[in-house]
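Worksheet: one structure, shown below.
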Amino acid sequence: MTKLSHLGEFGLIESLKRFQNLSQRVVKGIGDDAAVLKVKGGRYLLFTTDMLVQDVHFSLRMSPASVGHKALACNLSDIAAMGGEPVFAVVSLGVPGNISASYVKGLYAGMWAVARAFGVSIVGGDTVRSDKVVVNIALLGEVEKRKLIRRQGARTGDWIFVSGPLGGSFKSGRHLKFTPRVKEARFLVGKFKPSAMMDLSDGLAGDLAHILKASCVGALIEEKLIPRHRGVSVDRALTDGEDFELLFTMPSARAKKLLEYEGPEKFRFYPIGVVRPRREGFCMVRANSQVEAVEVKGYRHF
């Protein structure tokens, strides 16, 4: 019998895909940052969910408001990765009976602050008793059909970008107070439309590998171009995870225009490499000009 520790999170996801019951209204089910569903009119409905578990994603030493912030912001980051706008959320909460009411109120205060900042309505949920604190949020978003971005779509010659510095998120506490890049994503899909996009939750190496696999391409990134937080090594920038920046690809002509853009929006995007044919693999040019294969690893749940 295969254990989850051997199968891994993404191996488990692959094995569960056969249980999908896809109607004709499902544009995309398992395998992207959010499901894409057909509704009437010129928009798609986006549907995503994320779960936080005590002693895995947070500890009781952390402020409940910051945990609540992260719980909803993670979901907003998924909607942003598809080019959409978040609209409605439901919250399911598992808590031990000895947790104080003020702790639970703190969780919701953190969620409410994020919801208010991004125009999201929290419309319901569920509460149960559990041995540890568990917070699960399901979020609905919307995106115009012509602005939908998925992980597949990267093409040879596209430039690869990230939306901000990487690495050290958990150690620094940034994973509890990050701003989901909804505004940046809407700017991109409105003016420059990436060819593929996702958010960085499991590390640059692992998440870029998802785009490459979905798009059937390879990549060459450059160590010196990868933006990093102060004191963070390039290897940690590749594997730490929980950055929640955008990772996207874009045809070179549009990429150059993006870097030259001087409009009112003051976003900064960092080119870190180029998409190559699949046969050339996933490689990185080190600071010493040596080219080496990127080891695809990141956070592992199992």
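One table, with the values for the structure above:
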| item | result |
| --- | --- |
| Any hit, the range 117-127, residues being outside the structural domain of SER252 (by TED's automatic domain parsing), part of a loop (DSSP other than H, G, I, E, B) and out of contact with any helix residue (DSSP H, G or I) (no Cβ under 8 Å at 6 or more places or on another chain) | yes |
| In the range 149-158, the residues that are surrounded by fewer than 24 Cβ atoms within 10 Å (Cβ to Cβ) and over 15 Å from the mean Cα position of the chain (by Cα) | GLY153, ARG155, THR156, GLY157 |
| Selected residue (only one of GLU280, GLU265, GLU260 is at pLDDT 95 or above, within 24 Å of GLU184 (Cα to Cα), over 20 Å from the mean Cα position of the chain (by Cα) and among the acidic types (Asp, Glu)) | GLU260 |
| Among the residues listed as ARG181, ARG236, the single one being closer than 16 Å to PHE269 by Cβ and either under 13 Å from the mean Cα position of the chain (by Cα) or touching a residue at least 24 places away in the same chain (Cβ under 8 Å) (or both) | ARG181 |
| Residues of the range 129-161 classified as aromatic (Phe, Trp, Tyr) and assigned by TED's automatic domain parsing to the domain that holds TYR103, total | 0 |
| Those residues of the range 235-258 which are of a type outside the set (D, E, K, R), closer than 20 Å to ASP199 by Cβ and either out of contact with any Phe, Trp or Tyr (no Cβ under 6 Å at 6 or more places or on another chain) or not assigned by TED's automatic domain parsing to the domain that holds ALA185 (or both), in sequence order | ALA237, LEU238, THR239, LEU246, LEU247, THR249 |
| Close pairs from the range 207-225: first touching a residue at least 24 places away in the same chain (Cβ under 8 Å) and on the phi > 0 side of the Ramachandran plot, partner assigned to a helix (DSSP H, G or I) and surrounded by fewer than 24 Cβ atoms within 10 Å (Cβ to Cβ), Cβ under 7 Å, at least 6 apart | CYS216/ARG278 |
| Qualifying residue in the range 144-160 (condition: small (Gly, Ala, Ser), assigned to a loop (DSSP other than H, G, I, E, B) and under 21 Å from GLU245 (Cβ atoms)) | yes |
| Residue satisfying all of: in the range 286-301; touching a helix residue (DSSP H, G or I) at 6+ places or on another chain (Cβ under 7 Å) and over 14 Å from GLY218 (Cα atoms); surrounded by the most Cβ atoms within 10 Å (Cβ to Cβ) among these | GLY298 |
| Residues satisfying the stated conditions in the range 117-148, i.e. among the hydroxyl-bearing types (Ser, Thr, Tyr) and surrounded by 14 or more Cβ atoms within 10 Å (Cβ to Cβ) | SER130 |
| Matching helices (runs of 4 or more DSSP H) fully within the range 1-116 where at least 2 residues are modelled with pLDDT under 95 and surrounded by fewer than 18 Cβ atoms within 10 Å (Cβ to Cβ) | 4-7, 9-16 |
| Flag for LEU247 being touching a residue at least 40 places away in the same chain (Cβ under 8 Å), in a helix (DSSP H, G or I) and touching a Leu at 6+ places or on another chain (Cβ under 9 Å) | no |
| ASP207 vs. criteria within 19 Å of SER169 (Cβ to Cβ), in the same structural domain as ILE160 (by TED's automatic domain parsing) and not in a helix (DSSP H, G or I) | no |
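The values are calculated or read from the model by the stated rules, or taken from the named source; none is laboratory data. Keep in mind it's a predicted model, so treat the numbers as computed, not measured. Methodologically, a virtual Cβ is constructed for each residue, glycine included, from the backbone with ideal geometry; neighbour enumeration extends over all protein chains shown.
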